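Right, one structure below, let's go through it.
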Amino acid sequence: MSETPQSAPAQSLPQRWMSQYLSNRRRIGTVAAVLVAVLLAWHVVNGRNGLSSWQQKRSEDKSLTQEIDQLTAENARLSQHVDRLKSDPGAIEHEARSRLRYARPNEIIYALPQTTPAQPSPSATK
């Protein structure tokens, strides 16, 4: 009594693949679109000029801008110092006395030894 239903005639492998593709093409398209979106999102975040790279370049830009500001201020200070040394005899004398240890005639300079802070001995801390 149990009769097996007749199956469709045997199809070749490419025909079966084509029929599977046609019946599942919406699902395949959705999966492909999701994969492309994920790949694009990964590239936006981690790509050569992505968000990670942008944040790193932004922090580097901030630090370089701060360094430029500091160097500009130092340059201005040194320019003023050079101008004073070119025109002010008192500044020239001060530099000669402090850096070169020059003295006026008949002037005596007393040099004291430089002291270093006393370091506690290891036995004193026990």
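The values are calculated or read from the model by the stated rules, or taken from the named source; none is laboratory data. These figures come from a predicted structure and were not determined experimentally. What goes into the accessible areas is simple: the full protein's heavy atoms, side chains included, and nothing from ligands, DNA or RNA. Shrake-Rupley method; radii C 1.70, N 1.55, O 1.52, S 1.80 Å.
Helical content alone sets the calculated 222 nm signal of the chain at -23500 deg cm²/dmol, taking -39,500 (n - 2.57) per DSSP H segment of four or more residues and averaging over every residue. Taking all protein chains as they are arranged and a probe of 1.4 Å, the heavy atoms of Glu95 leave approximately 40 Å² accessible to solvent.
If Lys86, Lys57 are ordered by their accessible area, calculated over protein heavy atoms with a 1.4 Å probe, which sequence runs from highest to lowest? List each step's numbers first, then the result.
Working: Lys86 160, Lys57 110 Å².
From most exposed to least exposed: Lys86, Lys57.
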